[in-house]
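The values are calculated or read from the model by the stated rules, or taken from the named source; none is laboratory data. Since we're looking at a predicted model, the values are computed, not measured. Cβ placement follows ideal geometry from the backbone for every residue including glycine, while neighbour counts extend to all protein chains displayed.
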Amino acid sequence: MSGSRMFSFITKRWNPLGGECLHGCSYCWAQGPKGLAKKHNMKKYQGEPRLIESICKRFKADDFVFVCDMCDLFGDWVPSDDIKIVLGRIAGSPAQFLLLTKNPKRYLEMLDFLPKNAVLGCTIESDRCYPAVSNALNQTERLEWMAILARIIQYRLGKGKQGNRLFVSVEPVLDFDRDIFSDYLCRWIGPWAVAVGYDNYKNRLLEPPLAKTIELIEALERSGITVFRKTLREAWNEL
């Protein structure tokens, strides 16, 4: 059984960072207004960011580990030294690790510390900006930073150096401009894989019609990108 309901390829979850996530995403199942941390008053995810006891957890070579599914390791409020400690633990492990952030500009700050066994992921729900949904870096900026990261990785590969795989999560998908979004993903970022899915928690977000989302998925697949199809349904306002 998968260690995470989010992605089928994940076998384990690992949350070495505690503290409150400051992105304030309205739909977040973990630390949102109706999320797990608040529902169960989880002290571990309150207060300032801090490394917690699971920092010493060990993994096997066949594990694919989702890092920090309860918060954002690369949030601007997280001290650089804490990020480097987590990345160091990843580098010393035989497993593969998925990093997922809404602040991909910090990947560039950490370029010299990113281990080769880490997949660099970013949640990007749309090419449009939705400030009412989240305080995180807006979606357009996330796309641009991931495109810059992709160019840097390609340059490094051309020099015979290490190049990390990229991953994009389009979940929960928000309404988008089809040509712009697919062009960014297929042409400028070119990730190893993309996960696409609708909101599972009845948040009544500004969702695209299902047919439009299927068109995006098909465009990604024609470009040779692996697509993990998550919850695909008609938008709530189509029902």
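If Phe167 passes every condition in (1) in contact with a Phe, Trp or Tyr (Cβ under 9 Å, 6 or more places away or on another chain); (2) aromatic (Phe, Trp, Tyr); (3) surrounded by fewer than 16 Cβ atoms within 10 Å (Cβ to Cβ); (4) under 21 Å from Leu114 (Cα atoms) but one, which one does it miss?
Only one criterion in (1) in contact with a Phe, Trp or Tyr (Cβ under 9 Å, 6 or more places away or on another chain); (2) aromatic (Phe, Trp, Tyr); (3) surrounded by fewer than 16 Cβ atoms within 10 Å (Cβ to Cβ); (4) under 21 Å from Leu114 (Cα atoms) is unmet by Phe167, namely (3).
Restricting to the range 201-224, what's the tally of residues that are assigned to a loop (DSSP other than H, G, I, E, B), in contact with a helix residue (DSSP H, G or I) (Cβ under 7 Å, 6 or more places away or on another chain) and either among the aromatic types (Phe, Trp, Tyr) or farther than 10 Å from Val173 by Cβ (or both)?
Qualifying residue count for the region: 3.
Quick one: how many residues across the range 146-175 are assigned to a helix (DSSP H, G or I) and out of contact with any strand residue (DSSP E or B) (no Cβ under 8 Å at 6 or more places or on another chain)?
Counting residues in the range 146-175 that are assigned to a helix (DSSP H, G or I) and out of contact with any strand residue (DSSP E or B) (no Cβ under 8 Å at 6 or more places or on another chain) gives 9.
Given the options Trp192, Trp236, name the one that is in contact with a Ser or Thr (Cβ under 8 Å, 6 or more places away or on another chain) and either closer than 16 Å to Thr123 by Cβ or in contact (Cβ under 8 Å) with a residue 24 or more places away in the chain (or both).
Exactly one of Trp192, Trp236 is in contact with a Ser or Thr (Cβ under 8 Å, 6 or more places away or on another chain) and either closer than 16 Å to Thr123 by Cβ or in contact (Cβ under 8 Å) with a residue 24 or more places away in the chain (or both), namely Trp192.
Anything in the range 99-145 that is under 20 Å from Asp82 (Cβ atoms) and assigned to a helix (DSSP H, G or I)? List them, or say none.
Across the range 99-145, the qualifying residues are Lys105, Arg106, Tyr107, Leu108, Glu109, Leu111, Asp112, Phe113.
If I filter the range 37-75 down to residues being of a type in the set (D, E, K, R) and at pLDDT 95 or above, which single residue comes out as surrounded by the most Cβ atoms within 10 Å (Cβ to Cβ)?
Once the filter is applied, the top-ranked residue is Asp72.
Test of understanding: among Thr101, Thr123, which residue is free of Cβ contacts under 8 Å to residues at least 40 places away in the same chain and not charged (D, E, K, R)?
Thr101
Please work out if Thr140 is among the β-branched types (Val, Ile, Thr), modelled with pLDDT of 95 or more and touching a Lys or Arg at 6+ places or on another chain (Cβ under 8 Å).
Yes: the conditions hold for Thr140.
Looking only at residues in the range 66-98 that are in contact with a helix residue (DSSP H, G or I) (Cβ under 8 Å, 6 or more places away or on another chain) and assigned to a strand (DSSP E or B), which one is nearest to Ile189 (Cα to Cα)?
Phe97
Residue-wise test of (1) surrounded by 14 or more Cβ atoms within 10 Å (Cβ to Cβ); (2) free of Cβ contacts under 8 Å to residues at least 60 places away in the same chain; (3) within 25 Å of Ile10 (Cα to Cα).
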| position | (1), (2), (3) |
| --- | --- |
| Leu143 | yes, yes, yes |
| Leu149 | yes, yes, yes |
| Ile153 | yes, yes, yes |
| Gly158 | no, yes, no |
| Gln162 | no, yes, yes |
| Leu174 | yes, yes, yes |
| Phe181 | yes, yes, no |
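Anything in the range 76-118 that is at pLDDT 95 or above and either touching a His at 6+ places or on another chain (Cβ under 7 Å) or among the acidic types (Asp, Glu) (or both)? List them, or say none.
If the condition is that a residue be at pLDDT 95 or above and either touching a His at 6+ places or on another chain (Cβ under 7 Å) or among the acidic types (Asp, Glu) (or both), then Asp76, Asp81, Asp82, Lys102, Glu109 are the ones that fit.
Across the range 183-209, which residue is surrounded by the most Cβ atoms within 10 Å (Cβ to Cβ) among those that are more than 29 Å from Ala150 (Cα to Cα) and among the basic types (Lys, Arg)?
So, considering only residues that are more than 29 Å from Ala150 (Cα to Cα) and among the basic types (Lys, Arg), the one surrounded by the most Cβ atoms within 10 Å (Cβ to Cβ) is Arg204.
Residue check: is Lys34 charged (D, E, K, R), surrounded by fewer than 18 Cβ atoms within 10 Å (Cβ to Cβ), modelled with pLDDT under 90 and more than 24 Å from Ala195 (Cα to Cα)?
When the stated conditions are applied, Lys34 does not pass them.
Hey, Gln162 hits all of (1) at pLDDT 95 or above; (2) over 24 Å from Leu232 (Cβ atoms); (3) not acidic (Asp, Glu) but one; which does it fall short on?
(1)
Does Tyr198 satisfy being part of a helix (DSSP H, G or I) and among the hydroxyl-bearing types (Ser, Thr, Tyr)?
Spelling it out, it is not the case that Tyr198 is part of a helix (DSSP H, G or I) and among the hydroxyl-bearing types (Ser, Thr, Tyr).
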